[in-house]
Amino acid sequence: MNSISLDPFVRNERENNIASRSDSLAAIFAQRASIHDREGTFPFENFSDLRESGYLKLTVPEAFGGDEASLYEMVLAQERLAKGDGSTALAVGWHISQILQMRIKQSWPRELYIDFCKKVVQEGAMINQFASEPSTGSPSRGGRQQTTAVRTEGGWLLTGRKTFSSLIPVLDQFTVTAYEESEDTLGTFFVRKGPGVSIDETWDTLGMRGTGSHDLVLTDAFVPEDERIDNCEGRGEAAVGSVMSDHGGALLHIPACYIGIAWAARDFAVKFAAGYRPSSLPGPIAELPHIQQKIGEIESELITARTLLYSIADRWDRLPAERATMKPELGLAKTVATNSALRIVDLAMRIVGGSSLSRNLPLERMYRDVRAGLHNPPMDDSVILMLAKRAIMDVNEDNNESIG
Ligand SMILES: Cc1cc2nc3c(=O)[nH]c(=O)nc-3n(C[C@H](O)[C@H](O)[C@H](O)COP(=O)(O)OP(=O)(O)OC[C@H]3O[C@@H](n4cnc5c(N)ncnc54)[C@H](O)[C@@H]3O)c2cc1C
């Protein structure tokens, strides 16, 4: 699976080009990953390279100069990028996935949407959504947001603190979820960096250290009337449950990232096994049965996770009318990928042995990075519960039909 021609998930020339670009960028980012991880710094130069290569416009509609990538193509691009640096891939993944989601949902005010898409293409503007909070936790749990949007003349004043604000060092604008008091609803607002907006540099974590996921602090940050983005002609909420919602499809950038990191760990370990010849053996350790067992287990995990990931992305692309029923499978693709990634990196380190602990090798960083996947949405317990509920509902419907 090292060469593109051997990857069964690269199906045509366009996908080949997308994969090749990510491979080239990944090779450069891999050289810088260790230093940013060690120092906890944000890889600004990687984002200049992404901008220059045209990567940032991957999911922008063709009508505005973008590549209008499908979900499948986005997954392909992200997986290969993550082979070089997981942090950069996850961070830019929020940007390109949010643009894909905007394209599907069409919930932004039209002018703001067109203007922003053009800015992405012409200037390399970027975006991310900030919804996590200290006392609300993961927004996927649906708790009431503590960040408030208070009505003022011509718009709203936003106040609150957002945690895990990935990409914030390089963003000039972002979207924020906030509780709109006068309406008793959850709103989404387009916020520009400026008065009332500051960054508290809190991000100092075990893994994904280069994502710049600091706290965002809002103190009466003004958002004008026409830059509230979730109630455009009433479509924002109405879109949920229709083909105009992505039903969590865009979140597949997350499993793509973690499986990409695992793939890189697999490549490293297999190469090591083929080249390492301890003096106690006549040949490389790759000839030993216990090493082959571990390599085989890695292949099994990787092929299974990738097959599920790409098949669900392909289904989502081809069958828009079925998206509403695909949430459990979309979640499963993420759960399988992130848990497989943990097992693959662990096995890779067992193959390499004690030197895998060295900070001079990439494996210990990958080991820490894949751990973060457990805490990106959707969480494992939610996915398992969704699958269980659907199975029980199916059986109940069958029972009712046979009784009826
Ligand atoms: C590298 C990284 C980048 C991220 N980037 C972003 C970003 O750009 N934007 C953004 O908005 N967020 C981002 N996040 C945040 C992420 O989406 C989660 O909000 C965050 O990881 C906290 O999730 P949690 O489950 O640990 O938190 P909590 O929801 O606080 O959960 C803590 C514990 O309580 C349990 N728990 C809490 N509530 C419930 C419940 N209702 N039912 C069952 N169990 C519950 C959880 O299972 C967990 O064990 C990022 C996270 C990471 C790790």
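General observations
- Of the set (1) away from the ligand (no atom under 12 Å from the Cβ); (2) surrounded by fewer than 18 Cβ atoms within 10 Å (Cβ to Cβ), all apply to TYR113 but (2).
- When residues of the stretch 155-179 are limited to those that are of a type in the set (S, T, N, Q) and without any contact (Cβ under 8 Å) to a residue 60 or more places away in the chain, the one farthest from the ligand (Cβ to nearest atom): GLN173
- Of the residues making up the stretch 124-148, those that are assigned to a loop (DSSP other than H, G, I, E, B) and among the hydrophobic types (A, V, I, L, M, F, W, C) are ALA125, MET126, ILE127, ALA131.
- Qualifying position, being at pLDDT 95 or above, surrounded by fewer than 21 Cβ atoms within 10 Å (Cβ to Cβ) and not charged (D, E, K, R), among GLN129, GLN106, GLN78: GLN129
- Some residue of the stretch 124-143 being within 17 Å of GLU227 (Cβ to Cβ), more than 21 Å from the chain's Cα centre (by Cα), within 16 Å of the ligand (Cβ to nearest atom) and not assigned by TED's automatic domain parsing to the domain that holds ARG11: no
- Test for ARG151: is it part of a helix (DSSP H, G or I), away from the ligand (no atom under 12 Å from the Cβ) and either under 30 Å from ARG11 (Cβ atoms) or not hydrophobic (A, V, I, L, M, F, W, C) (or both): no
- Residue match in the stretch 370-387 (condition: within 15 Å of the ligand (Cβ to nearest atom), outside any helix (DSSP H, G or I), of a type outside the set (Val, Ile, Thr) and farther than 24 Å from LEU76 by Cβ): yes
- Test: residue in the stretch 342-359 that is without any contact (Cβ under 8 Å) to a residue 12 or more places away in the chain, within 16 Å of the ligand (Cβ to nearest atom) and out of contact with any strand residue (DSSP E or B) (no Cβ under 7 Å at 6 or more places or on another chain): no
- Residue within the stretch 40-50 that is at negative phi, in contact with a helix residue (DSSP H, G or I) (Cβ under 8 Å, 6 or more places away or on another chain) and surrounded by fewer than 14 Cβ atoms within 10 Å (Cβ to Cβ) present: yes
- Pair list, Cβ under 7 Å, 6 or more apart: the stretch 37-56 residue more than 15 Å from LYS119 (Cα to Cα), other residue at pLDDT below 95 and surrounded by fewer than 14 Cβ atoms within 10 Å (Cβ to Cβ): none
The values are calculated or read from the model by the stated rules, or taken from the named source; none is laboratory data. Treat the numbers as computed from the prediction; the structure is a model and nothing was measured. Using ideal geometry, Cβ is built from the backbone for each residue, glycine included, and neighbour counts are taken over all protein chains shown.
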